[in-house]
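Chemist: Before I ask anything, here is the structure I am working with.
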Amino acid sequence: MKVVVVFESMFGNTKVQAQDVRDGLADSGADVEMVGVVDAVGTELADCDLVVLAAPTHALTLSRPQTRADAVSRGADPECASTGIREWLGTLDHALPATSARPPVAVLDTRVSKARVWPGSAAKRAARTLGKAGFTVVEQMSFYVDGITGPVAGGEHQRARLWGRQLAGLVPLRA
């Protein structure tokens, strides 16, 4: 099984959760490539069995240039602010030929643990955008961090790795 994990991470927490999911997929025998969204333009997706997107929740949705600038003002790496999953999703129609099959996608987000009951999330927004672009979203999940800058909340590393193992069982291999 070939999997590409694309992540956006301002303070490192979403990247860590994406790595945990990657490790769970690898535990199940998947060949996993992990790439930051800043470097993801041009990543080959047409022959993937699964794409996993990982995004931080900013203001109840996917990040925007303004929310990434706010994160930089709070100490995030400025190099991470140039592009986000929202913008990358806008490039997918150009990256995949119209005739190519769309790989299934799983989406995860990170959000502050105090926001467990808030209705918005980056995963929900990404799933909606992907559905409109003809992708099948097989799973979406939220993982929690303690505060805007983290760290990852207790138990979330194990939960993310388990989710990665479960994703491997959800997706049929392409012929």
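The values are calculated or read from the model by the stated rules, or taken from the named source; none is laboratory data. In this text, all values refer to a predicted model and were calculated from it rather than measured experimentally. Reconstructed Cβ throughout: ideal geometry from the backbone, glycine too, with neighbour counts over all protein chains shown.
Chemist: Check every one of the helices (runs of 4 or more DSSP H) wholly within region 14-96 and list those with 1 or more residues that are within 20 Å of Thr110 (Cα to Cα) and small (Gly, Ala, Ser).
Modeler: In region 14-96, 65-73 are the helices (runs of 4 or more DSSP H) which contain 1 or more residues that are within 20 Å of Thr110 (Cα to Cα) and small (Gly, Ala, Ser).
Chemist: Would you confirm whether any residue within region 133-143 is of a type in the set (Gly, Ala, Ser), at positive phi, in contact with a Lys or Arg (Cβ under 8 Å, 6 or more places away or on another chain) and in contact (Cβ under 8 Å) with a residue 24 or more places away in the chain?
Modeler: Within region 133-143, one or more residues are of a type in the set (Gly, Ala, Ser), at positive phi, in contact with a Lys or Arg (Cβ under 8 Å, 6 or more places away or on another chain) and in contact (Cβ under 8 Å) with a residue 24 or more places away in the chain.
Chemist: If you don't mind, there's one more thing I want to ask. Checking Trp163 against (1) under 22 Å from Val32 (Cβ atoms); (2) modelled with pLDDT under 95; (3) within 18 Å of the chain's Cα centre (by Cα): exactly one of these is not met. Which one?
Modeler: Failed condition: (2).
Chemist: Further question: Show the residue pairs that are 6+ apart or on different chains and have beta-carbon atoms under 6 Å apart, the first residue being within region 147-160 and in contact (Cβ under 8 Å) with a residue 60 or more places away in the chain, the second being assigned to a strand (DSSP E or B) and of a type in the set (A, V, I, L, M).
Modeler: Val152/Val145
Yes/no matrix, rows are residues, columns are (1) under 21 Å from Trp163 (Cβ atoms); (2) of a type outside the set (Gly, Ala, Ser); (3) touching a Lys or Arg at 6+ places or on another chain (Cβ under 9 Å):
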| residue | (1), (2), (3) |
| --- | --- |
| Gly12 | yes, no, no |
| Ala18 | yes, no, no |
| Val21 | yes, yes, yes |
| Leu25 | yes, yes, yes |
| Gly29 | yes, no, no |
| Thr43 | no, yes, no |
| Asp47 | no, yes, yes |
| Ala76 | no, no, yes |
| Ser82 | no, no, yes |
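Chemist: Within region 143-156, how many residues are surrounded by fewer than 19 Cβ atoms within 10 Å (Cβ to Cβ) and within 15 Å of the chain's Cα centre (by Cα)?
Modeler: 0
Chemist: Scanning for something crowded, with 21+ Cβ neighbours inside 10 Å, of a type in the set (A, V, I, L, M) and at pLDDT 90 or above, does region 114-125 turn up at least one residue?
Modeler: Yes: region 114-125 contains one or more residues that are crowded, with 21+ Cβ neighbours inside 10 Å, of a type in the set (A, V, I, L, M) and at pLDDT 90 or above.
Chemist: Taking only region 52-76 into account, find how many residues are surrounded by fewer than 23 Cβ atoms within 10 Å (Cβ to Cβ) and either in contact with a helix residue (DSSP H, G or I) (Cβ under 9 Å, 6 or more places away or on another chain) or under 24 Å from Val138 (Cβ atoms) (or both).
Modeler: Counting residues in region 52-76 that are surrounded by fewer than 23 Cβ atoms within 10 Å (Cβ to Cβ) and either in contact with a helix residue (DSSP H, G or I) (Cβ under 9 Å, 6 or more places away or on another chain) or under 24 Å from Val138 (Cβ atoms) (or both) gives 10.
Chemist: Go through region 35-84 and give me each residue that's within 16 Å of Gly150 (Cβ to Cβ), in contact with a Ser or Thr (Cβ under 7 Å, 6 or more places away or on another chain) and hydrophobic (A, V, I, L, M, F, W, C).
Modeler: Ala54, Ala55, Cys80
Chemist: Now for a separate question. Out of all the residues in region 134-153, which are farther than 20 Å from Ala71 by Cα, part of a loop (DSSP other than H, G, I, E, B) and of a type outside the set (Phe, Trp, Tyr)?
Modeler: Gly134, Thr136
Chemist: Please go through region 42-51 and pick out each residue that is surrounded by 15 or more Cβ atoms within 10 Å (Cβ to Cβ) and of a type outside the set (Ser, Thr, Tyr).
Modeler: Leu45, Cys48, Asp49, Leu50, Val51
Chemist: Is it the case that Gly131 is in a helix (DSSP H, G or I), at pLDDT below 95 and of a type in the set (Gly, Ala, Ser)?
Modeler: yes
Chemist: Give the residue, chosen from Gly12, Gly24, that is crowded, with 19+ Cβ neighbours inside 10 Å and closer than 21 Å to His157 by Cβ.
Modeler: On inspection, the qualifying residue turns out to be Gly24.
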